[in-house]
Amino acid sequence: MKILSVETDLIFIKLKKPFKTALRQVSVVESIIVKLITDTGEIGYGAASPTAVITGDINESIIGSINNYIAPAVMGMDIEELEAIMQRVESSAVHNTSAKAAVDIALYDLFGKRFNIPLYKLFGGARKEIESDITISVNSPVEMAEDAVNYVRNGYTTLKTKVGVNGKLDIQRVKAIRDAVGPNIQLRLDANQGWSPKEAVKTIRAMEDLGFDIELVEQPVKAHDIEGLRYVTQNVETPIMADEALFSPYDCFTLLKERAADILNIKLMKCGGLHNAQKINAMAESCGVECMIGCMIESKVGIAAAAHFAGGKLNITRADLDAIDLIAKEPISGGVELVGNKLVLSDAAGIGIKSINYDGGAADESPK
């Protein structure tokens with residue numbers, strides 16, 4: 001099964017409502033769909049979404065990197081040479097993690113199809129269903145509390161609340177949510193690098209004193225501030241999770257060596273795909289550190305790949321794959337299906353994508 005051609009398409013998918021964090025606001029998912037076409041007629045599907053404020057990648061850079069650097073590196077190779085192909089992908093360009101992730105996902109999709117096995121079984125077969133949280137965007141305390149109640153009514157038992165805009169107001173936001181949903185719903189916070197180390201400690205300690213019972217706080221300080229992240233981790237009781245501070249396996253090594261975080265958040269768009277995700281998870285597991293599988297605001301192709309990875313690994317103890325439930329109208333079938341707050345994995349070979357409507361419900365198909 002040799003790779004004969006690589007195609008890219010850009011699709012746009014509307015969200016149910018704007019997604020707001022301390023870093024950005026998004027109303028439409030932009031997703032670059034990658035197709036690897038082989039001499040046997042099989043197609044491997046991958047995808048990437050631009051997240052300039054996190055990865056630095058935009059649509060033009062992702063498409064350009066794939067077409068001009070990654071595609072020529074993998075053309076003509078047999079999918080059974082997966083390790084050699086991944087070395088070529090990794091060395092084709094520095095950074096460009098979203099572009100690499102899109103091709104990486106398509107390669108693993110083909111690898112699963114070559115051996116007729118769904119990826120979650122290829123990665124270890126730990127589970128077929130993944131329970132996800134749902135994210136509450138940064139808004140007024142009243143609106144966030146209303147969103148929280150609606151999500152709980154829809155079956156979610158874990159809520160991830162965006163904070164990081166203002167420490168004092170963040171306390172009001174979380175209080176409003178906790179009062180609205182009661183003590184039995186699990187709350188996670190994501191500051192998206194929005195606090196200074198001292199502000200983070202002050203804010204988290206205040207929430208601890210108020211009895212908000214927060215499961216974890218994600219990336220409270222700037223991504224580059226490993227010392228600050230460690231300071232927060234060592235000075236609060238609430239577990240701290242690294243997100244934007246973790247891109248590569250080397251970043252994972254640094255975070256573990258410095259004991260800078262209690263939990264690690266793996267996102268395929270940050271680490272370059274499933275190949276590096278496995279390395280990060282294995283390193284963390286060896287050190288007794290659990291991982292979450294997360295996502296960007298992205299299409300179902302990337303969500304399916306992340307869910308299959310989580311389905312294979314017991315050390316992935318948490319999932320934040322809610323982008324699948326933020327989309328107004330799903331243009332992609334197969335791969336994974338959302339049932340309540342659980343993602344049920346396909347048993348089709350690879351990631352199991354069946355079809356893609358390139359209109360996406362938000363715009364006409366963009367030219368290649």
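Where a number appears in this text, it was derived from the coordinates with a stated rule and is not lab data. Computed from a predicted structure; not experimentally measured. Reconstructed Cβ throughout: ideal geometry from the backbone, glycine too, with neighbour counts over all protein chains shown.
Top mean-square fluctuation among 279, 300, 100, Gaussian network model of the chain, C-alpha springs under 10 Å?
279
Starting from the Cα of residue 184, step 7 Å toward the Cβ, then list every residue of region 142-167 with an amide N under 12 Å from that point.
Counting backbone N atoms under 12 Å from the label point, the list is 157.
Multiply the residue separation of residue 39 and residue 358 by 0.36 nm, subtract the distance between their alpha-carbon atoms, and state the gained length in nm to one decimal.
The span from residue 39 to residue 358 would gain 112.5 nm if fully extended.
Taking 0.36 nm per residue of separation and subtracting the Cα-Cα distance, what length does fully extending residue 91 through residue 224 add?
Gain on extension, residue 91 to residue 224, equals 45.5 nm.
Taking +1 at the Cβ of each Lys and Arg and -1 at the Cβ of each Asp and Glu, which of 161, 118, 148 sits farthest along the dipole of region 117-176 towards its positive end, judged by Cα position relative to the Cα centre?
118
Taking the Cα-to-Cβ direction at residue 67 and at residue 333 and moving 7 Å from each Cα, how far apart do the two end points lie in nm?
Between residue 67 and residue 333, the label points sit 3.0 nm apart.
Roughly what would the spin-label model give for residue 153 and residue 259, points 7 Å off Cα along C-beta, in nm?
Modelled inter-label distance: 4.7 nm.
With axes computed from alpha carbons, what is the tilt in degrees of helix 197-209 against the longest principal axis of the chain, rounded to the nearest 10 within 0 to 90?
On a 0 to 90 degree scale, this one is about 60.
For region 136-200 and region 3-59, what is the separation of their C-alpha centers, rounded to whole Å?
28
Which is farthest toward the positive dipole end of the chain among 216, 246, 68, measuring Cα position about the Cα centre, with Cβ charges +1 (Lys, Arg) and -1 (Asp, Glu)?
216
Determine, for 98, 299, 346, 248, the number of other Cβ atoms within 10 Å of each Cβ, and report the residues in order from fewest to most.
Starting with the residue having the fewest Cβ neighbours, the order is 248, 346, 299, 98.
Which value results for Rg/Rh of region 1-78 when Rg is the Cα radius of gyration and Rh the Kirkwood radius based on the inverse mean 1/r?
Ratio value, two decimals: 1.08.
Return the Rg/Rh ratio of region 210-368 with Cα-based radii and a Kirkwood Rh.
Computed over Cα atoms, the ratio is 1.02.
Classify the chain from the C-alpha gyration tensor, please: rounded if a/c falls under 1.5, else prolate or oblate depending on whether a/b exceeds b/c.
Taking the square roots of the gyration eigenvalues as a ≥ b ≥ c, the chain is prolate.
Over the chain, what relative contact order in percent results from Cα pairs under 8 Å that are six or more residues apart?
Dividing the mean separation by the residue count of the chain yields 22 percent.
What shape does region 99-249 take by its C-alpha gyration tensor, where a ≥ b ≥ c are the square roots of the eigenvalues and a/c under 1.5 counts as rounded, a/b above b/c as prolate, and the rest as oblate?
Oblate.
For 24, 318, what ranking results if the residue with the fewest other Cβ atoms within 10 Å of its Cβ goes first?
Sorted ascending by nearby Cβ count, the order is 24, 318.
For the chain, what does the helix formula give at 222 nm: sum of -39500 (n - 2.57) over DSSP H segments with n ≥ 4, over the residue count, nearest 500 deg cm²/dmol?
Calculated from helices alone, the mean residue ellipticity at 222 nm is -11000 deg cm²/dmol.
Going by C-beta contacts inside 10 Å, put 90, 81, 60 in order with the fewest on the left.
If I rank by nearby Cβ atoms, fewest first, I get 60, 81, 90.
Could you size up the charge dipole of the chain around its Cα centre, putting +1 on the beta carbon of Lys and Arg and -1 on that of Asp and Glu, and report it in debye to the nearest 20?
Its charge dipole is roughly 340 debye.
I'd like the FRET efficiency for residue 165 and residue 75, computed as 1/(1 + (r/R0)^6) with the beta carbon distance as r and R0 of 41 Å, rounded to 0.05.
0.35
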